[in-house]
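Undergrad: Submitted below is the structure of interest, expressed as structure tokens.
The values are calculated or read from the model by the stated rules, or taken from the named source; none is laboratory data. Everything quoted here is computed from the prediction, not taken from an experiment. Quick reminder, even Gly has a Cβ in these numbers, built from the backbone with ideal geometry, and neighbours come from all protein chains shown. What goes into the accessible areas is simple: the full protein's heavy atoms, side chains included, and nothing from ligands, DNA or RNA. Shrake-Rupley method; radii C 1.70, N 1.55, O 1.52, S 1.80 Å.
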Amino acid sequence: MEILSEIVTRRSVRKFTDKSISDEQIRLILEAARMAPSGSNMQPWDFIVVKSHEMKEKIVSLDHNQKWMLDAPVFIICIGNAGYRKEDELTRAIRDSAIATDHMLLQIEHMGLSTCWTGWYEQEEMRELLGLDDNCYVTGVLPIGYGSEKPAARPRRELVYKVI
């Protein structure tokens, strides 16, 4: 069982076919997020699945009007949710939500689907649209579909580390 191949081949895809995604596929993607590690096992994340074209248009208008997103049949909104906890917990919720989102990226790649993690929006506007309070932070919008492109690998820095 090797996951490095999914890590190496994953790309940010911005062009999708018109093929739909099943509810079971969405469930598996969300299950990958659910299994992510989190500090003190708080699991401070929430997700919103968006299928409505009208709602996708509203999200796109806030996400710097990136029209390419509308070709994806499904969006998953990723949220760090500090709930009722102290203000410093929001930072931890953002971190843990990002880890869960990365788990989804790898599951999406494993399933032969594609996405591009977007986040070019103002928090206040996105929170208002989604009906979220200040304890929540939208960590990303994932437009998900079957990719109709496979971008080339982007350059990576050499591996640098210390052993101490």
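Undergrad: What figure in square angstrom, to the nearest 10, would you give for the accessible area of LEU70 with a 1.4 Å probe?
TA: Accessible surface of LEU70 is approximately 40 Å².
Undergrad: Taking a ≥ b ≥ c as the square roots of the Cα gyration tensor eigenvalues, with a/c under 1.5 meaning rounded and otherwise prolate when a/b beats b/c, else oblate, which class fits the chain?
TA: oblate
Undergrad: To continue, here is another question. Considering every Cα-Cα pair within segment 73-164, what fraction, in whole percent, is farther apart than 20 Å?
TA: In whole percent, the long-distance tail amounts to 50.
Undergrad: Picking from GLY119, GLY80, GLY131, which is most flexible by a Gaussian network model of the chain using Cα springs under 10 Å?
TA: Result for the chain, Cα springs under 10 Å: GLY131 fluctuates most.
Undergrad: Sort 102-113, 150-161 by packing, meaning the average of other beta carbons within 10 Å per residue, with the highest value first.
TA: Listed from highest to lowest mean packing, they are 102-113, 150-161.
Undergrad: Run the accessible area of the chain with a 1.4 Å probe and give the carbon-and-sulfur part as a rounded percent.
TA: 52 percent
Undergrad: Mind ranking THR17, THR115 by accessible surface for me, highest first, 1.4 Å probe?
TA: In descending accessible area the options line up as THR17, THR115.
Undergrad: Sticking with this structure for a sec: Loop-only check: which chymotrypsin sites (Phe, Trp or Tyr not before Pro) in segment 1-99 are DSSP coil with at most 14 other Cβ within 10 angstrom?
TA: TYR84
Undergrad: Assuming a ≥ b ≥ c are the square roots of the Cα gyration tensor eigenvalues, decide whether segment 113-160 counts as rounded (a/c under 1.5), prolate (otherwise, with a/b larger than b/c) or oblate.
TA: oblate
Undergrad: Output ³J(HN,Hα) for segment 143-151: one whole-Hz value per residue in order, computed from phi by the Karplus curve 6.51 cos²θ - 1.76 cosθ + 1.60 with θ = phi - 60°, and x for Gly and Pro.
TA: The phi angles translate into x, 10, x, 8, x, 10, 8, 9, x Hz.
Undergrad: Let me ask something else. Once amide H atoms are placed 1.01 Å from N in the peptide plane, what residues at a sequence separation of 5 or more from TRP45, or on another chain, have their amide H within under 5 Å of its amide H?
TA: ASN81
Undergrad: With a 1.4 Å probe and every protein chain left in place, work out the accessible area per residue of the chain in Å², rounded to a whole number.
TA: Accessible area per residue: 61 Å².
Undergrad: Can I ask one more? For SER148 and ARG95, what is the calculated FRET efficiency with R₀ set at 45 Å and r taken between the beta-carbons, to the nearest 0.05?
TA: Plugging the Cβ-Cβ distance into 1/(1 + (r/R0)^6) gives 0.85.
Undergrad: Below 21 Å, Cα to Cα, which lysines can LYS67 reach? Residues fewer than 8 away in the same chain don't count.
TA: Cross-link targets: LYS15, LYS19, LYS51, LYS56, LYS58, LYS150.
Undergrad: Something else: Under a plain spin-label model, where a point goes 7 Å from the Cα along Cα-to-Cβ, how far apart in nm are TRP68 and SER40?
TA: 4.1 nm
Undergrad: Apply the a/c threshold of 1.5 to the C-alpha gyration tensor of segment 3-54 and tell me whether it is rounded, prolate or oblate.
TA: oblate
Undergrad: Once ligands and nucleic acids are excluded and a 1.4 Å probe is used, how much of HIS64 is accessible, expressed in Å² to the nearest 10?
TA: It works out to around 100 Å².
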